[in-house]
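Data block below; observations after.
The values are calculated or read from the model by the stated rules, or taken from the named source; none is laboratory data. Since the model is a prediction, treat every value here as computed from it, not as a measurement. Using ideal geometry, Cβ is built from the backbone for each residue, glycine included, and neighbour counts are taken over all protein chains shown. Just so you know, the surface numbers come from the protein's heavy atoms only, side chains and all, with ligands and any DNA or RNA stripped out. Shrake-Rupley method; radii C 1.70, N 1.55, O 1.52, S 1.80 Å.
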Amino acid sequence: MSKRKSKESISTNGECISQVQKLLRERLCHHYATGKLFGTEHQYRHLLELLKRTTVHGESNSALIIGPRGSGKTALLNHVLKDLMEIKQVRENLLEVRLNGLLQTNDKVALKEITRQLRLENVVGDKVFGSFAENLAFLLEALRKGNRTSSCPVLFILDEFDLFVHHKNQTLLYNLFDISQSAQTPVTVIGLTCRQDILELLEKRVKSRFSHRQIYVINSFDFKQYVRIFKEQLSLPAEFPDETFAQKWNNNVQLLSVDKTVQDVLQNLFHYTKDLRSLHLLLMLAVSNVTVHHPLITASDLQEASKQYRMDSKANIVHGLSVLEICLIIAMKHLNDVYEGEPFNFQMVYNEFQKFIQRKAHCMYNFEKPVVMKAFEHLLQLELVKPIERPSVRTQREYLLMKLLLDNNQIMDALQVYPNCPTDVKQWATSSLSWL
């Protein structure tokens, strides 16, 4: 009987854990509008009012949301759209078109994407248009029904807005802003960018058609609010199916927020970056450790997640190198120390390595020059070394000028944890000006 009970409790617990994982992962990964906004209530009201005028009253508008990466521009917009969709009229009529400057690299690709998102591929068919403006006007005309107020409002969201500026003649921006100024289909253009000087990049004809509405978003919260955000992001909602487990989980989150170890982890991250995506990544790593046998997050989980988050990827690559490649990196380190960061070539590194071999011939095998060259090329492939000039036919490979992309601290940290590293190699790394 007790075995059956324990099996039932494990399966119930398993369901709870999978629901917790699903809910928190969606919250942390998809910029879902959960809880309330942090420090952007004024911007929220401004943007909501702006979009209401388009979606409810049929006005056309344009605006830019400006702020550093990770300041919550997308989260703010998603939050506003989520609240707008609760209005029946908006839910039934609003058409959204999302473009990204990283994906839609020219106006032709952007126009195809607009056609696809508005589901007008069949309407366009094999028609040939004289210009971009004509094509876009045709698309919006196809959406019109009767007068201006009864037409479907279209919301254009341009992520990485600054990249659209570099399109030829800024045709896409010109036409979108032109339509938002004219009395055609109600259109609102919202651009998201991290460039403060974005208006300076716009052409005169584009700038004259832009409404000059700018909404600035910045992370202005202090550490107390940061801890509150931490609690809100990890807490389970009241409507969670298993109330007992939710209560237990939320009590644990409350205890974590006042724990000295957790506060130190959060303090380090807060001083390193206020970007909420960094906090989300830290919490994501901690949530991944939750299992049936380990149902609650502990302070050690967050500590381990912090170590993983702050781990140096370059130093990790060094761990997998051969002893010969490590020796070449140390030779480059010494060359950097002596010539104060001036570029070096393979021949200089090889000479440095040979000096070490002559002094420590008993512990290191003297590799042939082609073998050393192959090891050097491997470092080049791993991007630990970078050529500072383009290879030309005239220059021999041995004399191409290079630059080391690791600093001394990264090299020394990697050597400390390098498995079975010869003592002489470690001593060579720590000795400065070793050949004198």
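Can you give me the angle between helix 323-338 and the longest principal axis of the chain, using Cα atoms only, in degrees from 0 to 90, rounded to the nearest 10? Approximately 90 degrees, to the nearest 10.
Between GLU121 and PHE367, the modelled label-to-label distance comes to 5.3 nm, taking each label 7 Å out from Cα in the direction of the beta carbon. Report summary: the helix-based calculation at 222 nm, which adds -39500 (n - 2.57) for every DSSP H run with n ≥ 4 and divides by the residues of the chain, gives -17000 deg cm²/dmol.
If each residue of separation counts as 0.36 nm, what is the full-extension length gain between SER431 and ARG195 once their alpha-carbon separation is subtracted?
Working: separation 236, 0.36 × 236 = 84.96 nm, distance 4.53 nm.
Answer, rounded to one decimal: 80.4 nm.
When the C-alpha to C-alpha distance is required to be over 27 Å, the pairs from LYS73/LYS386; LYS22/LYS82; LYS22/LYS108 that qualify are LYS73/LYS386; LYS22/LYS108. A Förster radius of 60 Å, combined with the Cβ-Cβ distance separating LYS112 from GLN308, puts the computed FRET efficiency at roughly 0.90.
Taking R0 as 35 Å, what FRET efficiency do you get between SER322 and THR105 from their Cβ-Cβ distance, rounded to the nearest 0.05?
Values: r = 40 Å, r/R0 = 1.15.
Efficiency computed from Cβ-Cβ geometry: 0.30.
The structure shown yields Cα extents along the principal axes in Å, and of the options (1) 75, 60, 40; (2) 90, 78, 41; (3) 75, 54, 46 that calculated value carries the label (2).
What fraction of the DSSP beta bridges in the chain is antiparallel, stated in percent and rounded to the nearest 5? Looking only at bridges with both residues in the chain, the antiparallel portion is about 15 percent.
Ranked by the mean number of other Cβ atoms within 10 Å per residue, highest first, peptides 62-69, 235-242 order as 62-69, 235-242.
Grab the Cα-Cα distance for ASN251 and THR273, subtract it from 0.36 nm times how many residues apart they are, and report the gain in nm with one decimal.
On the way: separation 22, 0.36 × 22 = 7.92 nm, distance 2.74 nm.
Fully extending the segment from ASN251 to THR273 adds 5.2 nm.
Listed by chain and number, the aspartates and glutamates whose C-alpha is less than 14 Å from the C-alpha of LYS333, apart from same-chain residues fewer than 8 away, are GLU325, GLU342, GLU352, ASP407, ASP413. Kindly identify the range 208-295 as rounded, prolate or oblate by the Cα gyration tensor criterion: order the square roots of the eigenvalues as a ≥ b ≥ c, call it rounded if a/c is under 1.5, otherwise compare a/b with b/c, prolate if a/b is larger, else oblate. Here the range 208-295 falls in the prolate category.
Straight-distance candidates among the aspartates and glutamates for linking to LYS224, with alpha-carbon spacing under 16 Å and chain neighbours fewer than 8 residues away dropped: GLU232, ASP259, ASP264, ASP275.
So what is the accessible area of the chain per residue, in Å², with the probe set to 1.4 Å?
Details: 23460 Å² over 436 residues.
Value for the chain: 54 Å² per residue.
May I ask you to give the percent of accessible area on the chain that is carbon plus sulfur, with a probe radius of 1.4 Å? Don't jump to the answer; show the numbers that get you there.
Numbers: 11900 of 23460 Å².
So the carbon and sulfur contribution to the accessible surface is 51 percent.
In a fully extended conformation the segment linking ALA133 and LEU23 would gain 35.2 nm over its present Cα-Cα distance, using 0.36 nm per residue. For the chain, the longest principal axis of the alpha carbon atoms and the long axis of helix 41-55 meet at an angle near 50°.
Qualifying GluC sites (Glu not before Pro) in the range 40-130, where qualification requires a DSSP coil assignment and no more than 11 other C-beta atoms within 10 Å, comprise GLU86. For the chain, the longest principal axis of the alpha carbon atoms and the long axis of helix 276-287 meet at an angle near 70°.
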